[in-house]
């Protein structure tokens with residue numbers, strides 16, 4: 001099985017639509033409106049040129065299986081890349097998300113301009129939390145985010161990878 005990442009393209013809105021099911025969005029507040037999906041798709045395309053977003057189609061043996069990428073964010077005043085990965089149900093449980101997310105982390109780290117990569121996983125989403133752990137993220141705390149529905153809040157685990165060693169150095173200093 002070959003897993004590759006391909007740059008997000010104009011025809012990839014269908015990937016967002018397929019992942020916009022109650023099953024796939026239950027840990028982020030439920031499906032998004034069509035207009036929100038269209039805007040996100042547009043952002044993935046247009047913000048590539050500025051470097052603010054890097055989104056990729058996850059391809060398994062020639063078939064689109066989901067998407068993964070990163071975008072610029074701030075976490076507690078620190079510039080970070082936030083990552084995300086979505087693999088459709090028929091492809092889950094085969095290591096595809098781990099492979100795709102590991103490659104996203106490698107590519108984000110190689111950009112060199114932000115050294116901390118963060119992932120937020122709903123505290124009740126065992127699969128996403130296990131994925132973060134498997135890829136090498138460290139659980140650094142919890143937080144609360146608005147759900148995609150905008151009407152509720154969700155508790156998340158905060159997972160980080162420091163590609164420069166700065167956070168590890170700070171942590172070591174605090175332990176002494």
Open item on the list: Helix 166-175 against the longest principal axis of the chain: what's the angle in degrees, Cα atoms only, rounded to the nearest 10?
Closed with: 40 degrees
TODO: Report P(r) for segment 3-175: all Cα-Cα distances, bin width 5 Å, range 0 to the bin holding the largest distance, values in whole percent.
DONE: 1, 8, 16, 21, 23, 18, 8, 3, 1, 0
- [ ] Working from Cα positions, state the angle (0 to 90°, nearest 10) between the long axis of helix 34-46 and the longest principal axis of the chain.
- [x] 60 degrees
Open item on the list: Tell me the mean residue ellipticity at 222 nm calculated for the chain from its helices only (DSSP H runs of n ≥ 4, each -39500 (n - 2.57), averaged over every residue, nearest 500).
Closed with: -10000 deg cm²/dmol
Task: Using alpha-carbon coordinates, inclination of helix 96-111 to the longest axis of the chain, degrees - done: 60 degrees
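Every read-out reported here was derived from the displayed coordinates using simple, explicitly stated rules and does not represent laboratory data. Everything numeric in this text was worked out from a predicted model, so none of it was measured.
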